[in-house]
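J.: Mind looking over this structure? Questions follow.
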Amino acid sequence: MGFDTSGLLPLSDALQGMLEQLACCCDTEQLPLPDALGRVLACDIASPLAVPPFDNSAMDGYAVRLADLASGTPLIMAGKAFAGQPYQGEWPAGHCVRIMTGAPVPAGTDAVVMQEETQADGDRITFLAQPEPGQNIRRAGSDIGKDACVLPAGTRLTPREMPLLASLGVATVTVRRPLKVAIFSTGDELKPVGTPLAHGDIYDSNRYGVRAMLARMGCDCLDLGIIPDDPAQLRAAFIRADEEADVLITTGGVSVGEADFTKQLLDELGEIGFWKLAIKPGKPFAFGRLPRAWFFGLPGNPVSAMVTFDQLVQPALAKLAGQRFERPLQLQAIAAEPLKKSPGRLDFQRGIMSQGPNGIEVRSTGSQDSAVFSSLSQANCYIVLERERGRVAVGETVTVEPFGGLLL
């Protein structure tokens, strides 16, 4: 695959190497706006109109001309303007127009004076403050100009974008079809949830985490279940995934000491690199290409599988799906307790961040063993400790990465 797999591969090098090989593989289709939630835009959306489409009032009050206020005498109310019911009568000199929020301002309006800065005596309105030109008027196009790009290609449509598009009258959108991802777990010791365990068995948990994260990303998931360490069954699963999906993600079978025929099958069917990553948890990782589908092999340990998916697979799948991807926000925090760390690997420890008296504080969730899944379920962030860093003392500054959409 073009990488030096000797030694430990830095996370940044692994991610860059993958992304350089990937391109969007999802075709486009047009959908009615209500059906497009969660889909990725295939092209920029330009506004077909200005927003707001006309000058309108930002307050309940009175539309005035500054010249009429120069004498300081009360003005006579000529009429009223409401949202959806603009004032269309004559507007003689010495008069004002009662106006409500969102109503079009009458032609010639210099400002809108909020009603709290006025006194009414019947139709005679006294103004207690001198307004500035343009005060409390929302100008046409001040939010969005006509033909301006409102959403770029690659945007995943969430509840934040849907009302924006509706406000522009956009009835249909061109989106990418969902990325189809096949998954399975490997291992003779794995058993489905809901079945009794024999001595030496464990429940298959990784598939549930991977499937949940794929759902958060809007992917279609082909769940092939648990595949035992049997060459014929593994071969059949790989071939089916390659024929029916864009991507195959497996958990287990990629670390030293695991069944060699898994690696032999992958080498036979495609071009796969088995890496040792300089991260903790998650050192064993595989990436490559089957005849039609891309392949990602995650470690078997539960926390390792989740961390490598979150840090490596997520941005790769986003690129394949045509989605714009931004790296997660990272903040600085104060270690509220000592943290164990040995130099050599970039460490994603699971932590609990909170607001302390002197800023953000973070503490460990306890055991950081990659098989202890409670360390992830109790956390709200990663404590990201640099590769060369050692133990962390109380009061030292560390980098924290709050959990985003996949893990919340």
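The values are calculated or read from the model by the stated rules, or taken from the named source; none is laboratory data. All values derive from a computational prediction rather than experimental measurement. Glycine gets a Cβ as well: all are built from the backbone with ideal geometry, and neighbour counts include every protein chain shown.
J.: Could you tell me how many of the residues in the range 301-323 are in a loop (DSSP other than H, G, I, E, B) and modelled with pLDDT of 95 or more? Walk me through how you get there before you give the answer.
T.: Initial filter on the range 301-323 (in a loop (DSSP other than H, G, I, E, B)): 301, 321-323.
Right, trim to modelled with pLDDT of 95 or more and you get 321-323.
Result for the range 301-323: 3.
J.: Also: Taking VAL64 as the residue in question, decide whether it is of a type outside the set (Gly, Ala, Ser), outside the structural domain of MET162 (by TED's automatic domain parsing) and touching a strand residue (DSSP E or B) at 6+ places or on another chain (Cβ under 8 Å).
T.: It is true that VAL64 is of a type outside the set (Gly, Ala, Ser), outside the structural domain of MET162 (by TED's automatic domain parsing) and touching a strand residue (DSSP E or B) at 6+ places or on another chain (Cβ under 8 Å).
J.: Kindly indicate which of ALA153, ALA166, ALA107, ALA182 is touching a residue at least 40 places away in the same chain (Cβ under 8 Å), over 30 Å from ALA241 (Cα atoms) and small (Gly, Ala, Ser). Full working, then the answer.
T.: Details: ALA153 fails: over 30 Å from ALA241 (Cα atoms); ALA107 fails: touching a residue at least 40 places away in the same chain (Cβ under 8 Å); ALA182 fails: over 30 Å from ALA241 (Cα atoms).
Among ALA153, ALA166, ALA107, ALA182, only ALA166 is touching a residue at least 40 places away in the same chain (Cβ under 8 Å), over 30 Å from ALA241 (Cα atoms) and small (Gly, Ala, Ser).
J.: Something else: Report whether or not THR186 is hydroxyl-bearing (Ser, Thr, Tyr), buried (at least 18 other Cβ atoms within 10 Å of the Cβ) and outside the structural domain of SER377 (by TED's automatic domain parsing).
T.: yes
J.: Could you name every one of the strands (runs of 3 or more DSSP E) located completely within the range 140-223 that has at least 1 residues being closer than 18 Å to PRO302 by Cβ?
T.: By residue number, 180-186.
J.: Out of the residues in the range 111-137 that are in a loop (DSSP other than H, G, I, E, B) and within 47 Å of the chain's Cα centre (by Cα), state the one that is farthest from ALA67 (Cα to Cα).
T.: Filtering the range 111-137 for residues that are in a loop (DSSP other than H, G, I, E, B) and within 47 Å of the chain's Cα centre (by Cα), the one farthest from ALA67 (Cα to Cα) comes out as ASN136.
J.: Related question: Consider the range 329-378. How many of its residues are surrounded by fewer than 17 Cβ atoms within 10 Å (Cβ to Cβ) and in a loop (DSSP other than H, G, I, E, B)?
T.: Qualifying residue count, the range 329-378: 15.
J.: In the list ASP223, ASP143, ASP204, ASP147, which residue meets the criterion of being modelled with pLDDT under 95 and surrounded by fewer than 17 Cβ atoms within 10 Å (Cβ to Cβ)?
T.: Of ASP223, ASP143, ASP204, ASP147, the one residue that is modelled with pLDDT under 95 and surrounded by fewer than 17 Cβ atoms within 10 Å (Cβ to Cβ) is ASP143.
J.: Tell me, please, whether a residue that is over 20 Å from the mean Cα position of the chain (by Cα) and part of a strand (DSSP E or B) can be found in the range 387-395.
T.: Checked the range 387-395: at least one residue is over 20 Å from the mean Cα position of the chain (by Cα) and part of a strand (DSSP E or B).
J.: Which strands (runs of 3 or more DSSP E) does the range 23-97 wholly contain that include 2 or more residues that are more than 19 Å from THR118 (Cα to Cα)?
T.: Details: elements: 28-32, 61-64, 75-81.
Once the strands (runs of 3 or more DSSP E) in the range 23-97 are filtered for at least 2 residues that are more than 19 Å from THR118 (Cα to Cα), what remains is 28-32.
J.: Looking at the range 285-300, which of its residues are touching a Lys or Arg at 6+ places or on another chain (Cβ under 8 Å) and either in a loop (DSSP other than H, G, I, E, B) or without any contact (Cβ under 8 Å) to a residue 24 or more places away in the chain (or both)?
T.: PRO299
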